[in-house]
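Worksheet: one structure, shown below.
The values are calculated or read from the model by the stated rules, or taken from the named source; none is laboratory data. The model shown is predicted, which means the values in this text are computed figures rather than measured ones. What goes into the accessible areas is simple: the full protein's heavy atoms, side chains included, and nothing from ligands, DNA or RNA. Shrake-Rupley method; radii C 1.70, N 1.55, O 1.52, S 1.80 Å.
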Amino acid sequence: MSQIQYSPSAEQNKQPILDKLQQILPAQGLALEIASGTGQHTEWFARHFSGWTWQPTEVQDSALPGIQARMVQAGLANVLAPLQLDVCAARWLPGAPSTDSASGFDLIFCANMLHIAPWAACVGLLRGSARHLSAHGVLITYGPYLENDVPTVPSNLDFDASLRQRNADWGIRQREEVAREAAHAGLHLAARHAMPANNLLLVWARHQVNSNG
């Protein structure tokens, strides 16, 4: 069996994220996770949303066996086999539901990707989500953001500088810039939730989502 990978940050944030998802999401649906990483989020959410079907994905196909091994170990019947997905690709998943048909994903979830990927990945995520969300589906992104009228904590400034030093195309994204790109894709920011460790959980939708926060 492939080695199961572990992320300390995913372990720390999975419960706070779940708490918000339980406020936002209905009891049943079809979810697509972008950049599933170790699969810890998929496993945790699938355990607590038994009425949902979860599709994990990763851009690197080398990550897929580890995700699959985690799901086999967990014995979850509501998780599909992980698939390779590049958000910058013109076509995401062969045969995936899209708004061109009568179906679509009720949730597209992406955590901690935008700051460790080029800006083109953010554009691709937003445009691809607009193509593949159901009429009332939502894109939920989680991670650190810069905001025009909110002071940035020193730790996030240091983190942003370290990311840009590692790769000039990386860096914490400005929330307002993401919102402008989302508008071009046909999405708007429906809810902003402050999260632990100076992160935000943002809900993007075609229609207004009623949510606390």
- prompt: What order do S36, S50 take when sorted by accessible area (1.4 Å probe), most exposed first?
  reply: S50, S36
- prompt: Between A194 and A161, what length comes free when the chain is fully extended (0.36 nm per residue of separation minus the Cα-Cα distance, one decimal in nm)?
  reply: 9.7 nm
field: Viscosity 1.567 mPa s, temperature 4 °C, Stokes-Einstein D of region 102-171 from Kirkwood C-alpha radius, µm²/s
entry: 95 µm²/s
query: D for region 141-213, whole µm²/s, Stokes-Einstein with Kirkwood Rh over alpha-carbon pairs at 37 °C and 0.692 mPa s: what number?
result: 248 µm²/s
statement: Counting all Cα-Cα pairs in region 1-83, those more than 18 Å apart amount in percent to 37 percent
- line: Contact order relative to length for the chain, counting C-alpha pairs under 8 Å separated by 6 or more residues, stands in percent at 18 percent
query: Which whole-Hz couplings ³J(HN,Hα) result when phi for each residue of region 176-190 is put into the Karplus expression 6.51 cos²θ - 1.76 cosθ + 1.60, θ = phi - 60°, listed in order with x for Gly and Pro?
result: 5, 5, 5, 5, 5, 5, 4, 4, 4, 7, x, 10, 9, 6, 8
statement: Hydrodynamic radius by Kirkwood for the chain, inverse mean 1/r across distinct Cα pairs, in Å, is 17.4 Å
query: Of all DSSP beta bridges in the chain, what percent run antiparallel (nearest 5)?
result: 40 percent
- prompt: Fully extended, how many nm does the chain gain between A74 and D149 (0.36 nm per residue separation, minus their Cα-Cα distance)?
  reply: 22.7 nm
- prompt: In µm²/s, what is D for region 38-129 at 20 °C and 1.002 mPa s, where D = kT/(6 pi eta Rh) by Stokes-Einstein and Rh is the Kirkwood radius from Cα pairs?
  reply: 152 µm²/s
message: Can you report the principal axis dimensions of region 132-183 using only the alpha carbons, biggest first, rounded to whole angstrom?
response: 39, 26, 17
- request: Before anything else, pin down the relative contact order of region 18-120: Cα pairs under 8 Å, at least 6 apart, normalised by residue count, whole percent.
  value: 31 percent
